[in-house]
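Asker: Submitted below is the structure of interest, expressed as structure tokens.
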Amino acid sequence: MDKLKKFLVFATIGILAVLIIACLVFAIMGNNSAFMACAWSIVVLPCLIYAILLIAKVLGGK
């Protein structure tokens, strides 16, 4: 189980890193506020919620 927990933590960190890079790409490419709102609502927020839940599950010990 310890290896699984370590893998989940590193996977979550990787997901967050990819999301940060994606946010930077969106910020560089998109000058349109509607595009930014669409990108945040469709891509970033659900992934962040999933990553936070994954971290809570790992730290919770289940």
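The values are calculated or read from the model by the stated rules, or taken from the named source; none is laboratory data. Since we're looking at a predicted model, the values are computed, not measured. Counting neighbours? That spans all protein chains shown, and the Cβs are built from the backbone with ideal geometry, glycine included.
Asker: Which of the residues spanning the range 1-15 are small (Gly, Ala, Ser) and free of Cβ contacts under 8 Å to residues at least 40 places away in the same chain?
Answerer: If the condition is that a residue be small (Gly, Ala, Ser) and free of Cβ contacts under 8 Å to residues at least 40 places away in the same chain, then 14 is the only one that fits.
Asker: May I ask you to say which residue of 27, 22, 39 is more than 15 Å from residue 55 (Cβ to Cβ), modelled with pLDDT of 70 or more, in contact with a helix residue (DSSP H, G or I) (Cβ under 7 Å, 6 or more places away or on another chain) and small (Gly, Ala, Ser)?
Answerer: On the way: 27 fails: in contact with a helix residue (DSSP H, G or I) (Cβ under 7 Å, 6 or more places away or on another chain); 39 fails: modelled with pLDDT of 70 or more.
After applying the criteria, what remains is 22.
Asker: Could you run through the range 49-61 and say how many residues are surrounded by 15 or more Cβ atoms within 10 Å (Cβ to Cβ) and under 8 Å from the mean Cα position of the chain (by Cα)?
Answerer: 1
Asker: Being over 15 Å from residue 53 (Cβ atoms) and either among the charged types (D, E, K, R) or surrounded by 13 or more Cβ atoms within 10 Å (Cβ to Cβ) (or both) is the filter here; which residues of the range 6-19 pass it?
Answerer: 6
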